[in-house]
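Encoded as structure tokens, the structure appears first; notes follow it.
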Amino acid sequence: MSWWNYARKPSVLEQRRRAVQESQRLAKRLAKTGRKPSGVVIDGRAIARTFWGKAWCDNLESYRDFEYRLPRGRSYVRNGAVLDLDIRAGRITAVVCGTSLYDVEIKIKSVAAPRWVRMKTQCSGEIGSLIELLEGRLSERVLQIITHREQGLFPKPAEIEMACSCPDWATMCKHVAAVMYGVGARFDRQPELLFELRKVDHQELIAQATNLEVSRRSGRKTLAGEDLGSVFGIELAEAPRAPPARVKKPGGKGRSPTRRKKRARQAAR
Ligand SMILES: [Zn+2]
């Protein structure tokens, strides 16, 4: 009988040792299909350290539906139990080491089109570059838009469908919980996967910003007129003081001065 069949809960060291052994076995199995396992490795206590990873985990922890299983999930992922994790459009698949090896599949709905359009509009002109976006160097306003509970980028429980091959009856078993934390850790390294998972193009947030910036700049030039002078080589600064309509043409009457000016001139005579 193997140690993990004992009734007692295995120690952290035992869990880690077993995860390493199973990981090696899984690598051999996957090698036949030409694929390497992509396990989740957590250094230290923090599961996620960047904005994207932390925001994913914060979203997860903000729902009471998941509360009960999350602590075991944290412990599992920290002990290296997520041996393989694959994140694609709308779908997360993973292999988790527990009493046995379990297959986890999590389906996540795409961001509804109207919600994405709204987010792009709200973020227009707010995100300077792709690097800023992926590094999470964003304004408070953009952070609020992206992490908005109802209209943001992170999924609500109703948008998540979970399945695990273990015999646990719970919707979110500890293996699924471990995978959900593993996803947060993966977003630390590859935040663009969040956008892929939700089936939206992160480049569109930047494109919107760039387009708006261009129109803003051209608007400034047109309204202020400060650059038009240099473009057309004319002295625009003089124009408001001597509009063509006020210039008295030779032989013509021109426009009469205002009543006050006329009275002042008569008084001066
Ligand atoms: Zn399970």
Which listed residue is within 16 Å of the ligand (Cβ to nearest atom) and open to solvent by 30 Å² or more (accessible area, probe 1.4 Å), from GLU161, GLU196, GLU126 = GLU161
Would the range 124-134 turn up any residue that is without any contact (Cβ under 8 Å) to a residue 24 or more places away in the chain and on the phi < 0 side of the Ramachandran plot?
-> yes
Of all residues in the range 59-98, which are out of contact with any helix residue (DSSP H, G or I) (no Cβ under 7 Å at 6 or more places or on another chain) and under 18 Å from VAL20 (Cα atoms)?
-> SER75, ARG78
Take the residues in the range 95-111 that are more than 16 Å from the ligand (Cβ to nearest atom) and over 15 Å from the mean Cα position of the chain (by Cα), then tell me which one is farthest from VAL183 (Cα to Cα).
-> LYS109
Scanning the range 119-169 for residues that are farther than 14 Å from LEU60 by Cα and among the β-branched types (Val, Ile, Thr) gives THR121, ILE127, ILE131, VAL142, ILE145, ILE146
Requiring at least 3 residues that are surrounded by 12 or more Cβ atoms within 10 Å (Cβ to Cβ) and not aromatic (Phe, Trp, Tyr), the helices (runs of 4 or more DSSP H) wholly within the range 1-105 are 12-31, 51-61, 70-78
Does the range 76-94 contain at least one residue that is more than 23 Å from the chain's Cα centre (by Cα), under 24 Å from ALA46 (Cβ atoms) and hydroxyl-bearing (Ser, Thr, Tyr)?
-> yes
Restricting attention to the range 166-175, which residues are closer than 15 Å to ILE92 by Cβ and near the ligand (Cβ under 7 Å from one of its atoms)?
-> CYS173, HIS175
Could you tell me which numbered condition PRO114 fails, if it satisfies all but one of (1) within 16 Å of the ligand (Cβ to nearest atom); (2) part of a helix (DSSP H, G or I); (3) open to solvent by 20 Å² or more (accessible area, probe 1.4 Å)?
-> (1)
From the list LEU133, LEU153, which residue is more than 16 Å from the ligand (Cβ to nearest atom), in a loop (DSSP other than H, G, I, E, B) and either of a type outside the set (Asp, Glu) or under 23 Å from ALA81 (Cβ atoms) (or both)?
-> LEU153
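May I ask you to verify whether GLY184 is touching a Phe, Trp or Tyr at 6+ places or on another chain (Cβ under 8 Å) and part of a helix (DSSP H, G or I)? Steps first, please.
Working: touching a Phe, Trp or Tyr at 6+ places or on another chain (Cβ under 8 Å): yes; part of a helix (DSSP H, G or I): yes.
It is true that GLY184 is touching a Phe, Trp or Tyr at 6+ places or on another chain (Cβ under 8 Å) and part of a helix (DSSP H, G or I).
The values are calculated or read from the model by the stated rules, or taken from the named source; none is laboratory data. Bear in mind the structure is a predicted one, so any value in this text is a computation, not a measurement. As a convention, Cβ positions derive from the backbone with ideal geometry for all residues, glycine included, and neighbour counts pool all protein chains shown. With ligands, DNA and RNA removed, areas are computed over all heavy atoms of the protein, side chains included. Shrake-Rupley method; radii C 1.70, N 1.55, O 1.52, S 1.80 Å.
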